[in-house]
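Here's the structure, in structure tokens; my notes come after.
The values are calculated or read from the model by the stated rules, or taken from the named source; none is laboratory data. On a predicted model such as this, the values are computed, not experimentally measured, just so you know. Cβ: placed from backbone, ideal geometry, glycine included. Neighbour counts: every protein chain shown. Accessible surface is based on the protein model in full, side chains and every heavy atom, while ligands, DNA and RNA are left aside. Shrake-Rupley method; radii C 1.70, N 1.55, O 1.52, S 1.80 Å.
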Amino acid sequence: AGTLVDFGSFAPTQVLIDAFAGFGITVSMAAARLPMGLAKWDHIQALGRQDVLAQRCQQQHARAMTDADVDTWYAAFLPLQIERVAAYSDPIPGAIDVLALLRERAIRIGSCSGYPRVVMDQLLPHAASMGVHVDHAVATDDLAAGGRPGPWMALANVLELGIADVRACIKIDDTVPGITEGRAAGMWTIGLSLSGNETGLSLAELDTLQPAELARYRDIASAKLMDAGAHYVIDTIAG
């Protein structure tokens, strides 16, 4: 989401907002985006630690948030995510052409995600039907070691694809944890400023921006990704 499909990265965020609403808890889009890139259970836990949600839990239960609360919220979120992920996951413009160009150059393509396997099992066939194919995909709960910001999902792709040197790999991501992941794995790392979580606008919304406003969004997102360690930042995968 935000890199190859789902311009603006709405499937992970809007579904979280809707899941919390089922418990009478209002979460803003800005708040939902803050932990983006983490595994979804960790994402929900991070949301629960934010002031508004922490206070709500204290008011409802007269105690601090627990892992059991996170389990409850996650159990409500996951079926919604499975049901709706494909609806948000059209290819980002340029993605199909870029993947074709990489294959022409015999460059192998791995994917890693904050989505769990049950969601990836819905997303991958949909993406393939739209023309987005990868050689290997790792979900955040596939590995005992865990997911982002650690290097393990990226390195699992290196192993599966038979890459002889991580310095020959380029990790592309729209989130801060994803950039950290790539750096931890010893890879060249490229951030995406406009198509993903840091800007968080749909393509239609982005197209309405005046040049100065577009530049402001780009600069803010680029600064966050560079601060996380990105070697380069481009607008979208088409770059």
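Here are the numbers:
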| quantity | calculated |
| --- | --- |
| Of residues in the range 172-194 being more than 19 Å from residue 12 (Cα to Cα) and open to solvent by 20 Å² or more (accessible area, probe 1.4 Å), the one farthest from the chain's Cα centre (by Cα) | 186 |
| Residue, farthest from residue 6 (Cα to Cα), within the range 203-222, restricted to residues that are of a type in the set (Gly, Ala, Ser) and surrounded by 15 or more Cβ atoms within 10 Å (Cβ to Cβ) | 222 |
| Helices (runs of 4 or more DSSP H) wholly inside the range 1-76 containing at least 1 residues that are in contact with a Lys or Arg (Cβ under 8 Å, 6 or more places away or on another chain) | 11-21, 51-61 |
| Members of the range 77-96 that are in a helix (DSSP H, G or I) and either open to solvent by 80 Å² or more (accessible area, probe 1.4 Å) or among the small types (Gly, Ala, Ser) (or both) | 83, 86, 87, 95 |
| Counted residues, the range 209-239 - those being outside any loop (DSSP other than H, G, I, E, B) and either in contact with a Leu (Cβ under 8 Å, 6 or more places away or on another chain) or not β-branched (Val, Ile, Thr) (or both) | 19 |
| So residue 114, is it open to solvent by less than 60 Å² (accessible area, probe 1.4 Å), under 20 Å from residue 179 (Cβ atoms) and modelled with pLDDT under 95 | yes |
| Test: residue in the range 58-69 that is within 25 Å of residue 228 (Cβ to Cβ), open to solvent by less than 40 Å² (accessible area, probe 1.4 Å) and either among the charged types (D, E, K, R) or under 19 Å from the mean Cα position of the chain (by Cα) (or both) | no |
| The range 55-69 residues that are closer than 16 Å to residue 44 by Cβ, paired with ones that are open to solvent by 60 Å² or more (accessible area, probe 1.4 Å) and of a type in the set (S, T, N, Q) (beta carbon under 7 Å, 6 or more apart) | 64/58 |
| Counted residues, the range 11-27 - those being closer than 12 Å to residue 200 by Cα and buried (at least 22 other Cβ atoms within 10 Å of the Cβ) | 3 |
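Residue-by-condition table, conditions (1) open to solvent by 60 Å² or more (accessible area, probe 1.4 Å); (2) modelled with pLDDT under 95; (3) touching a Cys at 6+ places or on another chain (Cβ under 7 Å); (4) over 19 Å from residue 95 (Cβ atoms):
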| position | (1), (2), (3), (4) |
| --- | --- |
| 132 | no, no, no, no |
| 141 | yes, yes, no, yes |
| 148 | no, yes, no, yes |
| 167 | yes, yes, no, yes |
| 196 | no, yes, no, no |
| 224 | yes, no, no, yes |
| 237 | no, no, no, no |
